[in-house]
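The values are calculated or read from the model by the stated rules, or taken from the named source; none is laboratory data. Predicted model only: the values in this text are computed from it and were never measured. In this analysis, Cβ positions are derived from the backbone assuming ideal geometry, glycine residues included, and neighbour counts consider all displayed protein chains. Accessible surface areas use protein heavy atoms only, side chains included; no ligands, DNA or RNA. Shrake-Rupley method; radii C 1.70, N 1.55, O 1.52, S 1.80 Å.
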Amino acid sequence: MLQFLDKVAKVFAEKEATYLFDYCFVVPNRRSATFLKHFFTSRLSSPQIILPRIVDISSFIEEITSLVTPDRVQELLLLYGVYCEQFINNPDRCVSFDRFLYWGDMILNDFNDVDLYMIGAEELFKNVENYKDIKSDVLDDNQKKAISQFFNVPDSFLKSNDDSLFVKKQYQNLWNLLFPMYVGLRNELRTRGLAYNGMNYRIAAEIIDNKSAEDFDFKKLTDKLQAVI
């Protein structure tokens with residue numbers, strides 16, 4: 001990786017030294033940004049040459065959206081609040097935060113993937129009830145227990161003869177909760193100027209899709225360094 005960054009700096013320092021200030025290089029992380037800046041500095045013949053803008057992709061995305069990524073605990077707390085809102089008329093079904101964590105962490109991962117891959121969340125989360133072939137035997141005992149805890153149902157119920165039908169129904173109910181939780185979490189985050197990682201990328205992609213080249217501060221913006229060396 002370091003050899004690659006050094007080669008990038010060498011090529012651009014030789015060919016575009018006079019116009020480096022027109023460039024913005026988007027790199028995978030802050031470590032890459034630090035090393036690329038170092039290599040540019042060592043390759044340039046004059047200290048008076050203005051360096052290009054070098055930014056890691058997460059910071060670049062946050063600049064576009066003006067939304068900050070919160071830490072995981074804050075994300076889970078906000079998601080839990082959204083979850084509890086689904087049971088506002090039946091608060092007894094809302095489980096405690098510590099019992100929610102198992103599913104909450106997985107739900108955040110699912111929401112993140114949905115946005116990173118630009119998947120239609122409503123179609124994904126609301127169509128599960130249309131599938132008639134969902135079987136409880138795809139779930140192991142730990143997953144069944146987690147489902148019972150998520151819906152605040154006694155573990156002893158799973159030992160009854162009706163546990164297969166029950167788990168299937170609750171599995172469907174869980175999926176039917178996901179879309180309103182997805183929408184609710186995104187709305188809650190936006191009002192606070194926050195966004196989880198995938199949400200930030202999705203919003204940035206939508207913003208960029210409506211921009212032209214003239215809307216950016218730099219004449220040449222690239223993350224495709226391999227194509228130019």
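Conditions (1) at pLDDT 90 or above; (2) crowded, with 16+ Cβ neighbours inside 10 Å; (3) assigned to a helix (DSSP H, G or I), marked per residue:
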| position | (1), (2), (3) |
| --- | --- |
| Leu165 | no, no, yes |
| Lys169 | no, no, yes |
| Gln172 | no, no, yes |
| Trp175 | no, yes, yes |
| Met181 | yes, yes, yes |
| Gly184 | yes, yes, yes |
| Asn187 | yes, no, yes |
| Asn200 | yes, yes, yes |
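Do we have any residue at all in the stretch 51-66 that's open to solvent by 70 Å² or more (accessible area, probe 1.4 Å), at pLDDT 90 or above, assigned to a helix (DSSP H, G or I) and over 25 Å from Leu36 (Cβ atoms)? No; the residues of the stretch 51-66 include none that is open to solvent by 70 Å² or more (accessible area, probe 1.4 Å), at pLDDT 90 or above, assigned to a helix (DSSP H, G or I) and over 25 Å from Leu36 (Cβ atoms). Of the residues making up the stretch 75-118, just one is assigned to a helix (DSSP H, G or I), closer than 15 Å to Arg186 by Cα, open to solvent by 50 Å² or more (accessible area, probe 1.4 Å) and touching a Lys or Arg at 6+ places or on another chain (Cβ under 9 Å), namely Leu116. Pairs are defined by a Cβ separation below 6 Å, a sequence spacing of at least 6 or placement on different chains, a first member in the stretch 1-28 that is under 13 Å from Phe40 (Cβ atoms), and a second member that is open to solvent by less than 30 Å² (accessible area, probe 1.4 Å) and acidic (Asp, Glu); the pairs so defined are Val27/Asp56.
Has the stretch 23-39 got any residue that is within 30 Å of Phe125 (Cβ to Cβ) and either in contact with a Phe, Trp or Tyr (Cβ under 7 Å, 6 or more places away or on another chain) or open to solvent by 60 Å² or more (accessible area, probe 1.4 Å) (or both)? Scanning the stretch 23-39 turns up no residue that is within 30 Å of Phe125 (Cβ to Cβ) and either in contact with a Phe, Trp or Tyr (Cβ under 7 Å, 6 or more places away or on another chain) or open to solvent by 60 Å² or more (accessible area, probe 1.4 Å) (or both).
For the stretch 40-50, filtered to residues that are surrounded by 14 or more Cβ atoms within 10 Å (Cβ to Cβ) and in a helix (DSSP H, G or I), the residue that is modelled with the highest pLDDT is Phe40. For Asp217, the conditions (1) touching a helix residue (DSSP H, G or I) at 6+ places or on another chain (Cβ under 7 Å); (2) at pLDDT below 95; (3) of a type in the set (D, E, K, R) are fulfilled apart from (1).
For the stretch 73-82, check the following and say yes or no: at least one residue is in contact (Cβ under 8 Å) with a residue 40 or more places away in the chain and among the charged types (D, E, K, R). Among the residues of the stretch 73-82, at least one is in contact (Cβ under 8 Å) with a residue 40 or more places away in the chain and among the charged types (D, E, K, R), which makes the answer yes.
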